[in-house]
Amino acid sequence: MLRRQSFDTSVPTVLVRLDRNPFHHGTLGAVRSLGRAGIPVHAVIESSTSPVARSRYLRSARASPETTSSTGLAGLLHGIADEVAAETATESADDPSTSLVVLPLDDVSALALARRRAELSPRFLLPHQTEEQLLRVADKAALAETCADLGLPHPRTELPVDADEAAAMAWSLGLPVVAKWSRPWLLPAGGGLRSTSIVRSLSEVRELYARTPEAGSRLLLQRLLPAGRDLDWFFHGYVDTEGRCTTGATGRKERSWPDGAGLTAVGRWTANPAVDRTARELCDALGYRGVCDLDFRLDRSTGAYHLLDFNPRPGAQFRLFTDPDGLDVVRALHLDLTGRPVPPYSPAYGRRFVVENYAALSLLTSPHRRAADGGGGGGAPRWTEYAWCAADDPGPAFAMGRAWLGHLLRKALTALRGLLRSRRARPAPASPPAPPPARSSSNQLTPR
């Protein structure tokens, strides 16, 4: 399976994810992809009890720092490198020179690593990225400006400065509208704020804007492009140190969660030359290096593919784009950063990727939606990879199932308590007025 790839397995990889999502299947995908190639994998994740930590391909799991400070992250990485060097007995802890590839799996990690890149090099191998470059695409307001500067289709976007203007802009865009926080990685955990939501009334817009201080970044309002079958697409690629994107492909969302506006629950590798060309031209114009994940939606009224998001790191569904020889964007990054050649990519059109927990929710909410037919390339083998279930690595699926069941039960109990509280707080209905007394009528029969 790996006949075309020659990995330097003496160079471990540290996966870094600073968000607290225990159901991030992209992390598990990266662990399995590199681990199956014989590369030692370590991870900085939300907890050492995470379902990902049950993978047989993960050497060690460290809890991420309490804050998203780049200084704290740099210190943690140096500690991991010292431990790896001591364990492998290749270098002493007093002279830690063992190289490690570092791969961020969320936006805040990518930004923190770019901010400390000069300090981390050459001990840690990272793509040539600056924080300023990443903010041009990771910050949603900056992405809208970038698209305008480059003439790329992007949904009409407004940035209100107060609640009244937010309501006026929402009315101008046409309800419902998409509401996004410019820097979603700043959202507080457990606050109930979503990075992206659809608001359907002016009162909702005002209420959301009022939470700007809590959110930590500006609120954007975007025109909602109509959802529909075959309209949502994505591009995943790796741009190497020479600026070449030899590992890149397009896919189509067949199911998402939340439906029509969320992450990919079921995706299919499908050729789309227009999306592929736009994504590559954008990366070239930005001078981008590293792994990227771009989301597009087709506007049927104009025939243009609008760029919705640009994520400067692997998308959670990157394993969809695994070619017949096992090459994906994560493996391409390791090959490139360790000085190994990245072999040509072999498309596997028709390949599907299913995220079991989110696909089940999508199926429950829209059971009659049919998957699109056709692989977009014809003749290539079609097969499915599951995000959690794998015959050679069953531990994470069982751990995720238990954690997911507990998660759903907690949400159900919270909803039930809220319903009970609202019923108790609801005032009792006023008693209806007594009916007027009946009047006698000459036509009435009087019992004798």
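The values are calculated or read from the model by the stated rules, or taken from the named source; none is laboratory data. What you see is a predicted model, and the numbers here were worked out from it, not measured in a lab. Counting neighbours? That spans all protein chains shown, and the Cβs are built from the backbone with ideal geometry, glycine included. Just so you know, the surface numbers come from the protein's heavy atoms only, side chains and all, with ligands and any DNA or RNA stripped out. Shrake-Rupley method; radii C 1.70, N 1.55, O 1.52, S 1.80 Å.
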Note to self: For L150, project a label point 7 Å along Cα to C-beta. Then give me every residue of segment 297-335 with its amide nitrogen under 20 Å of that point.
What the structure shows: 297-299, 303-316, 329
Notebook entry, point to check: Between S201 and R280, how many nm apart are label points set 7 Å from Cα along the C-beta direction?
Noted result: 4.9
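Computed FRET efficiency, Cβ-Cβ of A425 and E83, R0 51 Å: what is it to the nearest 0.05? The partial results should precede the final answer.
Working: r = 54 Å, r/R0 = 1.06.
FRET efficiency, A425 to E83: 0.40.
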Next item on the list: Would you mind giving the average projected area, over all directions, of the Cα convex hull of segment 114-158 in nm² with one decimal?
Entry: 3.7
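Ordering I198, I39 by accessible area with a probe of 1.4 Å, largest first, what comes out? Don't skip to the answer; put the middle values down first.
On the way: I198 55, I39 5 Å².
Sorted descending by solvent-accessible area, the residues read I198, I39.
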Checklist line | Global form of segment 247-398, assessed from the alpha-carbon gyration tensor, a/c cut-off 1.5 | finding: oblate
Notebook entry, point to check: Just the accessible area per residue of segment 188-246, please: how many Å² with a 1.4 Å probe?
Noted result: 49
Item checked: Test item: Cα-centred dipole of the chain, Lys/Arg +1 and Asp/Glu -1 on Cβ, debye -> 2400
Next item on the list: Measure nothing fancy, just the Cα-based angle from helix 25-36's long axis to the longest principal axis of the chain, in degrees from 0 to 90, nearest 10.
Entry: 20
Margin query: Given a 1.4 angstrom probe, I'd like the percentage of the accessible area of the chain that is carbon and sulfur, rounded to a whole number.
Written below: 54
Next item on the list: Name the aspartates and glutamates eligible as straight-distance cross-link partners of K180: C-alpha to C-alpha under 12 Å, and not fewer than 8 places from it in the same chain.
Entry: D139, E158, D309
Checklist line | Overall dimensions of segment 92-240 as given by Cα atoms, namely Rg and Dmax in Å | finding: 19.0, 64
Notebook entry, point to check: Does anyone have the angle between helix 395-425 and the longest principal axis of the chain? Alpha-carbon axes, 0 to 90°, nearest 10?
Noted result: 30
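Just want to confirm a number: the relative contact order over the chain, from Cα pairs under 8 angstrom separated by 6+ residues, in percent.
Rounded, it is 16 percent for the chain.
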Next item on the list: Go through (i) 46, 33, 23; (ii) 46, 26, 24; (iii) 29, 28, 23 and flag the label whose value is the computed semi-axes √(5λ) of the Cα gyration tensor in Å for this structure.
Entry: (ii)
Next item on the list: Give the ranking of H78, H334, H24 by solvent-accessible surface, highest area first, calculated with a 1.4 Å probe.
Entry: H78, H24, H334
Next item on the list: Go through A412, A168, Y358 and say which Cα lies farthest out towards the positive end of the charge dipole of the chain; charges sit on Cβ, +1 for Lys and Arg, -1 for Asp and Glu.
Entry: A412
